[in-house]
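See below for the structure under consideration.
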Amino acid sequence: MAAITSTPAPLLHSTVLDWYEANARDLPWRTADASPWAVMVSEFMLQQTPVKRVLPAYAAWLERWPTPADLAADAPGEAVRMWGRLGYPRRALRLHAAAVAITEQHGGRVPDDHAALLALPGVGEYTAAAVASFAFRQRHVVLDTNVRRVFARAVTGVEYPAQATTAAERRTATEYLPATAETAATWAVGVMELGALVCTARSPECGACPLRGHCAWQRAGRPPYEGPARRGQSYEGTDRQVRGKLLAVLRDAHGEVAQERLDAVWPEPVQRARALDGLVADGLAEPVAPGVYRLPQ
DNA sequence: TAAGCGTGGCC
DNA sequence: TGGCCAAGCTT
(Lines give C-alpha, C1' and ligand atoms only; values in the text may rest on other atoms or scores of the structure.)
Protein backbone atom coordinates (compact mmCIF):
# COMPACT_ATOMS: atom_id res chain seq x y z
CA MET A 1 0.00 0.00 0.00
CA ALA A 2 1.06 3.56 -0.59
CA ALA A 3 2.60 6.33 1.45
CA ILE A 4 -0.35 7.09 3.69
CA THR A 5 0.35 3.89 5.60
CA SER A 6 2.89 5.92 7.54
CA THR A 7 -0.16 7.25 9.36
CA PRO A 8 -1.83 4.69 11.63
CA ALA A 9 -5.39 3.97 10.53
CA PRO A 10 -6.94 4.90 13.90
CA LEU A 11 -5.34 8.35 13.70
CA LEU A 12 -6.61 8.76 10.16
CA HIS A 13 -10.08 7.75 11.26
CA SER A 14 -10.21 10.16 14.16
CA THR A 15 -8.81 12.93 11.97
CA VAL A 16 -11.62 12.56 9.45
CA LEU A 17 -14.29 11.91 12.09
CA ASP A 18 -13.27 15.01 14.05
CA TRP A 19 -13.22 17.09 10.90
CA TYR A 20 -16.64 15.78 9.91
CA GLU A 21 -18.15 16.52 13.29
CA ALA A 22 -16.99 20.11 13.04
CA ASN A 23 -17.70 20.71 9.36
CA ALA A 24 -20.57 18.50 8.22
CA ARG A 25 -23.32 20.27 6.35
CA ASP A 26 -26.73 20.26 7.93
CA LEU A 27 -28.55 18.24 5.28
CA PRO A 28 -32.11 16.99 5.76
CA TRP A 29 -31.36 13.37 4.87
CA ARG A 30 -28.77 13.28 7.64
CA THR A 31 -31.07 14.18 10.50
CA ALA A 32 -31.94 11.53 13.09
CA ASP A 33 -35.55 11.41 11.94
CA ALA A 34 -34.75 10.83 8.28
CA SER A 35 -36.30 7.48 7.37
CA PRO A 36 -34.51 4.86 5.25
CA TRP A 37 -36.92 5.81 2.48
CA ALA A 38 -35.86 9.44 2.79
CA VAL A 39 -32.23 8.40 2.60
CA MET A 40 -32.97 6.32 -0.47
CA VAL A 41 -34.80 9.19 -2.16
CA SER A 42 -31.87 11.48 -1.48
CA GLU A 43 -29.41 8.97 -2.91
CA PHE A 44 -31.37 8.59 -6.13
CA MET A 45 -31.59 12.35 -6.54
CA LEU A 46 -27.93 12.85 -5.75
CA GLN A 47 -26.80 10.49 -8.49
CA GLN A 48 -25.10 13.07 -10.71
CA THR A 49 -27.11 16.05 -9.44
CA PRO A 50 -25.61 18.64 -7.05
CA VAL A 51 -26.89 18.95 -3.49
CA LYS A 52 -28.17 22.47 -3.98
CA ARG A 53 -30.56 21.46 -6.72
CA VAL A 54 -31.67 18.33 -4.87
CA LEU A 55 -32.74 20.09 -1.68
CA PRO A 56 -36.10 21.54 -2.81
CA ALA A 57 -36.99 18.49 -4.93
CA TYR A 58 -36.25 16.19 -2.00
CA ALA A 59 -38.55 18.12 0.32
CA ALA A 60 -41.40 18.21 -2.18
CA TRP A 61 -41.02 14.54 -3.00
CA LEU A 62 -41.23 13.35 0.60
CA GLU A 63 -44.05 15.73 1.32
CA ARG A 64 -46.06 14.07 -1.41
CA TRP A 65 -44.83 10.50 -0.95
CA PRO A 66 -43.72 9.96 2.66
CA THR A 67 -43.45 6.19 2.20
CA PRO A 68 -42.62 3.79 -0.65
CA ALA A 69 -46.25 2.64 -0.71
CA ASP A 70 -47.42 6.21 -1.29
CA LEU A 71 -45.25 6.50 -4.37
CA ALA A 72 -46.08 3.00 -5.57
CA ALA A 73 -49.77 3.87 -5.51
CA ASP A 74 -49.25 6.75 -7.93
CA ALA A 75 -48.54 6.61 -11.65
CA PRO A 76 -44.91 6.49 -12.80
CA GLY A 77 -45.62 9.57 -14.88
CA GLU A 78 -46.30 11.49 -11.69
CA ALA A 79 -42.83 10.57 -10.49
CA VAL A 80 -41.39 11.83 -13.75
CA ARG A 81 -43.32 15.07 -13.39
CA MET A 82 -42.24 15.61 -9.79
CA TRP A 83 -38.67 14.90 -10.81
CA GLY A 84 -38.77 18.23 -12.57
CA ARG A 85 -35.47 19.43 -13.93
CA LEU A 86 -33.14 17.30 -11.83
CA GLY A 87 -31.95 15.58 -14.99
CA TYR A 88 -31.61 11.92 -15.97
CA PRO A 89 -35.38 11.34 -15.57
CA ARG A 90 -34.98 7.59 -15.89
CA ARG A 91 -34.00 7.83 -12.24
CA ALA A 92 -37.54 8.92 -11.42
CA LEU A 93 -38.93 5.90 -13.21
CA ARG A 94 -36.51 3.61 -11.41
CA LEU A 95 -37.26 5.15 -8.03
CA HIS A 96 -40.93 4.52 -8.70
CA ALA A 97 -40.18 0.93 -9.72
CA ALA A 98 -38.09 0.51 -6.58
CA ALA A 99 -41.01 1.77 -4.49
CA VAL A 100 -43.27 -0.80 -6.14
CA ALA A 101 -40.78 -3.58 -5.44
CA ILE A 102 -40.38 -2.48 -1.83
CA THR A 103 -44.13 -2.39 -1.41
CA GLU A 104 -44.76 -5.74 -3.02
CA GLN A 105 -41.73 -7.70 -1.90
CA HIS A 106 -40.52 -6.10 1.32
CA GLY A 107 -43.73 -5.24 3.13
CA GLY A 108 -43.34 -1.56 2.31
CA ARG A 109 -40.10 -1.17 4.23
CA VAL A 110 -36.79 -0.33 2.60
CA PRO A 111 -34.69 -3.49 2.99
CA ASP A 112 -31.63 -3.21 5.22
CA ASP A 113 -29.77 -5.94 3.39
CA HIS A 114 -27.14 -4.89 0.87
CA ALA A 115 -28.01 -7.64 -1.61
CA ALA A 116 -31.72 -6.88 -1.40
CA LEU A 117 -30.99 -3.20 -1.96
CA LEU A 118 -28.77 -3.99 -4.92
CA ALA A 119 -31.59 -5.96 -6.51
CA LEU A 120 -33.86 -2.89 -6.60
CA PRO A 121 -34.23 -0.93 -9.84
CA GLY A 122 -31.82 1.98 -10.07
CA VAL A 123 -29.73 0.79 -7.14
CA GLY A 124 -26.14 0.00 -7.99
CA GLU A 125 -23.14 -0.81 -5.85
CA TYR A 126 -22.72 2.71 -4.56
CA THR A 127 -26.37 3.35 -3.69
CA ALA A 128 -26.82 -0.03 -1.99
CA ALA A 129 -23.77 0.61 0.18
CA ALA A 130 -24.82 4.19 0.89
CA VAL A 131 -28.34 3.29 2.04
CA ALA A 132 -27.11 0.34 4.11
CA SER A 133 -24.45 2.54 5.67
CA PHE A 134 -26.27 5.84 6.17
CA ALA A 135 -29.76 4.58 6.94
CA PHE A 136 -28.92 1.35 8.74
CA ARG A 137 -25.48 2.19 10.11
CA GLN A 138 -23.84 -0.86 8.61
CA ARG A 139 -20.22 -1.35 7.64
CA HIS A 140 -19.77 -1.06 3.87
CA VAL A 141 -17.26 0.34 1.42
CA VAL A 142 -19.01 3.40 0.06
CA LEU A 143 -17.14 4.34 -3.08
CA ASP A 144 -18.46 7.41 -4.85
CA THR A 145 -16.66 10.01 -6.91
CA ASN A 146 -15.71 12.01 -3.81
CA VAL A 147 -14.26 9.07 -1.92
CA ARG A 148 -12.41 7.87 -5.00
CA ARG A 149 -10.80 11.29 -5.42
CA VAL A 150 -9.77 11.52 -1.76
CA PHE A 151 -8.13 8.08 -1.92
CA ALA A 152 -6.51 8.84 -5.27
CA ARG A 153 -4.84 11.86 -3.76
CA ALA A 154 -4.20 10.89 -0.15
CA VAL A 155 -3.17 7.28 -0.77
CA THR A 156 -2.08 6.93 -4.38
CA GLY A 157 -0.66 10.41 -4.79
CA VAL A 158 -2.39 11.30 -8.06
CA GLU A 159 -4.78 14.14 -8.76
CA TYR A 160 -7.64 12.07 -10.14
CA PRO A 161 -8.74 8.41 -10.00
CA ALA A 162 -9.09 6.29 -13.13
CA GLN A 163 -12.25 6.62 -15.17
CA ALA A 164 -13.71 3.36 -13.96
CA THR A 165 -13.46 2.00 -10.44
CA THR A 166 -10.66 -0.55 -10.15
CA ALA A 167 -10.19 -3.56 -7.91
CA ALA A 168 -7.18 -1.82 -6.38
CA GLU A 169 -9.34 1.13 -5.33
CA ARG A 170 -11.85 -1.16 -3.72
CA ARG A 171 -9.03 -2.97 -1.93
CA THR A 172 -7.62 0.27 -0.60
CA ALA A 173 -11.01 1.49 0.57
CA THR A 174 -11.62 -1.85 2.28
CA GLU A 175 -8.31 -1.69 4.10
CA TYR A 176 -9.10 1.72 5.51
CA LEU A 177 -12.67 0.88 6.51
CA PRO A 178 -13.01 1.08 10.32
CA ALA A 179 -13.80 -2.22 12.01
CA THR A 180 -16.85 -1.05 13.92
CA ALA A 181 -20.06 -0.60 11.96
CA GLU A 182 -21.08 2.70 13.52
CA THR A 183 -17.60 4.16 13.04
CA ALA A 184 -17.44 2.84 9.49
CA ALA A 185 -20.76 4.48 8.66
CA THR A 186 -19.62 7.87 9.89
CA TRP A 187 -16.21 7.43 8.24
CA ALA A 188 -17.99 6.77 4.93
CA VAL A 189 -20.02 9.94 5.02
CA GLY A 190 -17.08 11.85 6.46
CA VAL A 191 -14.70 10.99 3.61
CA MET A 192 -17.44 11.82 1.13
CA GLU A 193 -17.99 15.17 2.78
CA LEU A 194 -14.28 15.89 2.74
CA GLY A 195 -14.22 15.21 -0.99
CA ALA A 196 -17.28 17.37 -1.54
CA LEU A 197 -16.16 20.37 0.49
CA VAL A 198 -12.34 20.39 0.62
CA CYS A 199 -10.75 17.81 -1.65
CA THR A 200 -12.77 19.02 -4.62
CA ALA A 201 -12.16 18.15 -8.25
CA ARG A 202 -11.04 21.48 -9.60
CA SER A 203 -9.76 23.64 -6.79
CA PRO A 204 -9.00 21.64 -3.66
CA GLU A 205 -8.40 23.65 -0.52
CA CYS A 206 -5.40 21.72 0.65
CA GLY A 207 -4.54 24.40 3.19
CA ALA A 208 -7.77 23.62 5.02
CA CYS A 209 -7.54 19.85 4.66
CA PRO A 210 -7.25 17.75 7.80
CA LEU A 211 -5.29 15.15 5.81
CA ARG A 212 -2.68 17.53 4.41
CA GLY A 213 -0.01 16.07 6.68
CA HIS A 214 -0.91 12.55 5.57
CA CYS A 215 -1.53 13.09 1.86
CA ALA A 216 0.65 11.39 -0.76
CA TRP A 217 -0.37 13.86 -3.47
CA GLN A 218 0.51 16.82 -1.27
CA ARG A 219 3.82 15.21 -0.37
CA ALA A 220 4.60 14.68 -4.07
CA GLY A 221 4.09 18.37 -4.78
CA ARG A 222 0.55 17.97 -6.15
CA PRO A 223 1.54 16.80 -9.63
CA PRO A 224 -1.13 17.39 -12.29
CA TYR A 225 -3.15 14.57 -13.77
CA GLU A 226 -1.25 12.58 -16.37
CA GLY A 227 -3.59 9.81 -17.45
CA PRO A 228 -5.66 9.53 -20.61
CA ALA A 229 -7.99 12.40 -21.44
CA ARG A 230 -11.08 12.16 -19.35
CA ARG A 231 -14.28 11.63 -21.22
CA GLY A 232 -16.22 14.83 -21.63
CA GLN A 233 -19.97 15.12 -21.70
CA SER A 234 -21.05 16.75 -24.91
CA TYR A 235 -24.60 17.93 -24.83
CA GLU A 236 -25.36 20.60 -27.39
CA GLY A 237 -27.06 19.04 -30.36
CA THR A 238 -27.20 15.53 -28.93
CA ASP A 239 -30.19 13.24 -28.64
CA ARG A 240 -30.01 13.88 -24.94
CA GLN A 241 -30.75 17.53 -25.44
CA VAL A 242 -33.69 16.72 -27.71
CA ARG A 243 -35.05 14.18 -25.24
CA GLY A 244 -34.82 16.80 -22.54
CA LYS A 245 -36.81 19.29 -24.58
CA LEU A 246 -39.45 16.75 -25.52
CA LEU A 247 -39.87 15.51 -21.98
CA ALA A 248 -40.14 19.07 -20.68
CA VAL A 249 -43.22 19.51 -22.87
CA LEU A 250 -44.76 16.28 -21.62
CA ARG A 251 -43.97 17.15 -18.01
CA ASP A 252 -45.48 20.59 -18.19
CA ALA A 253 -48.60 19.41 -19.97
CA HIS A 254 -51.61 18.35 -17.95
CA GLY A 255 -52.45 15.32 -20.01
CA GLU A 256 -52.10 14.32 -23.60
CA VAL A 257 -49.81 16.16 -25.96
CA ALA A 258 -50.28 16.41 -29.70
CA GLN A 259 -47.42 15.70 -32.03
CA GLU A 260 -47.26 19.31 -33.25
CA ARG A 261 -46.32 20.59 -29.83
CA LEU A 262 -43.47 18.08 -29.67
CA ASP A 263 -42.38 18.90 -33.21
CA ALA A 264 -41.98 22.53 -32.20
CA VAL A 265 -39.06 21.86 -29.86
CA TRP A 266 -36.59 20.60 -32.48
CA PRO A 267 -36.39 21.36 -36.19
CA GLU A 268 -34.61 18.25 -37.43
CA PRO A 269 -37.23 15.50 -37.92
CA VAL A 270 -35.02 12.42 -37.98
CA GLN A 271 -33.26 13.17 -34.74
CA ARG A 272 -36.51 14.35 -33.18
CA ALA A 273 -38.25 11.08 -34.04
CA ARG A 274 -35.33 9.07 -32.76
CA ALA A 275 -35.37 10.95 -29.48
CA LEU A 276 -39.10 10.48 -29.04
CA ASP A 277 -38.83 6.79 -29.85
CA GLY A 278 -36.09 6.58 -27.24
CA LEU A 279 -38.32 8.14 -24.61
CA VAL A 280 -41.08 5.67 -25.44
CA ALA A 281 -38.63 2.76 -25.34
CA ASP A 282 -37.43 3.91 -21.94
CA GLY A 283 -40.98 4.18 -20.63
CA LEU A 284 -40.72 7.93 -20.13
CA ALA A 285 -43.36 8.65 -22.75
CA GLU A 286 -46.45 6.74 -23.74
CA PRO A 287 -48.20 6.84 -27.11
CA VAL A 288 -51.95 6.98 -26.56
CA ALA A 289 -53.01 7.38 -30.19
CA PRO A 290 -51.27 8.09 -33.47
CA GLY A 291 -49.46 11.39 -32.93
CA VAL A 292 -50.53 11.74 -29.28
CA TYR A 293 -48.28 11.20 -26.27
CA ARG A 294 -48.30 11.55 -22.50
CA LEU A 295 -46.26 10.66 -19.44
CA PRO A 296 -46.66 6.98 -18.47
CA GLN A 297 -49.85 6.15 -16.57
C1' DT B 1 -16.18 -1.96 -21.18
C1' DA B 2 -17.57 2.10 -22.80
C1' DA B 3 -21.20 4.75 -24.22
C1' DG B 4 -25.63 6.80 -23.29
C1' DC B 5 -28.37 9.25 -20.27
C1' DG B 6 -30.26 15.90 -18.29
C1' DT B 7 -29.46 20.00 -16.39
C1' DG B 8 -27.28 23.91 -14.51
C1' DG B 9 -23.51 26.35 -12.31
C1' DC B 10 -18.82 27.60 -12.05
C1' DC B 11 -14.16 29.51 -13.19
C1' DT C 1 -16.71 31.67 -23.37
C1' DG C 2 -17.23 26.94 -22.79
C1' DG C 3 -15.38 22.77 -21.08
C1' DC C 4 -15.76 20.53 -16.80
C1' DC C 5 -18.10 18.71 -13.14
C1' DA C 6 -22.04 17.01 -9.95
C1' DA C 7 -23.45 11.26 -3.68
C1' DG C 8 -24.21 6.65 -10.84
C1' DC C 9 -26.89 3.10 -13.27
C1' DT C 10 -27.76 0.27 -17.17
C1' DT C 11 -26.82 -2.22 -21.24
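The values are calculated or read from the model by the stated rules, or taken from the named source; none is laboratory data. These numbers were taken from a predicted model, which means no experiment stands behind them. In this analysis, Cβ positions are derived from the backbone assuming ideal geometry, glycine residues included, and neighbour counts consider all displayed protein chains. To get the accessible areas, we keep the full protein, side chains included, count just its heavy atoms, and leave off ligands, DNA and RNA. Shrake-Rupley method; radii C 1.70, N 1.55, O 1.52, S 1.80 Å.
Figures for the structure shown
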read-out	value
Top-ranked residue in region A:198-230 [being open to solvent by 60 Å² or more (accessible area, probe 1.4 Å) and hydroxyl-bearing (Ser, Thr, Tyr); ranked as farthest from DNA strand C (Cβ to nearest atom)]	A:SER203
Failed item in (1) open to solvent by 20 Å² or more (accessible area, probe 1.4 Å); (2) in contact (Cβ under 8 Å) with a residue 12 or more places away in the chain; (3) within 11 Å of DNA strand B (Cβ to nearest atom); (4) of a type in the set (A, V, I, L, M), with A:ALA92 passing the rest	(1)
Subset of region A:28-49 (residues that are within 9 Å of DNA strand C (Cβ to nearest atom) and either open to solvent by less than 40 Å² (accessible area, probe 1.4 Å) or more than 13 Å from the chain's Cα centre (by Cα) (or both))	A:TRP29, A:ARG30, A:VAL39, A:SER42, A:GLU43, A:PHE44, A:MET45, A:THR49
Extreme residue, surrounded by the fewest Cβ atoms within 10 Å (Cβ to Cβ), among residues of region A:168-181 that are over 24 Å from A:LEU46 (Cα atoms) and among the aliphatic types (A, V, I, L, M)	A:ALA179
All helices (runs of 4 or more DSSP H) inside region A:1-98 with 2 or more residues being small (Gly, Ala, Ser) and farther than 30 Å from A:GLY207 by Cα	A:36-46, A:51-64, A:68-72, A:76-83
Residue that is within 21 Å of A:PRO210 (Cβ to Cβ) and either assigned by TED's automatic domain parsing to the domain that holds A:GLU43 or under 19 Å from the mean Cα position of the chain (by Cα) (or both), where the choices are A:GLU193, A:GLU159, A:GLU175	A:GLU193
Some residue of region A:95-109 being open to solvent by 30 Å² or more (accessible area, probe 1.4 Å), within 13 Å of DNA strand C (Cβ to nearest atom) and in the same structural domain as A:LEU55 (by TED's automatic domain parsing)	yes
Scan of region A:77-86 for residues that are open to solvent by 30 Å² or more (accessible area, probe 1.4 Å) and either within 14 Å of DNA strand B (Cβ to nearest atom) or not charged (D, E, K, R) (or both), ordered by number	A:ARG81, A:MET82, A:ARG85
Any pair with Cβ under 6 angstrom, 6 or more apart, that starts in region A:182-196 at a residue that is under 9 Å from A:VAL142 (Cα atoms) and open to solvent by less than 10 Å² (accessible area, probe 1.4 Å) and ends at one that is of a type in the set (A, V, I, L, M) and away from DNA strand B (no atom under 16 Å from the Cβ)	A:ALA188/A:VAL142
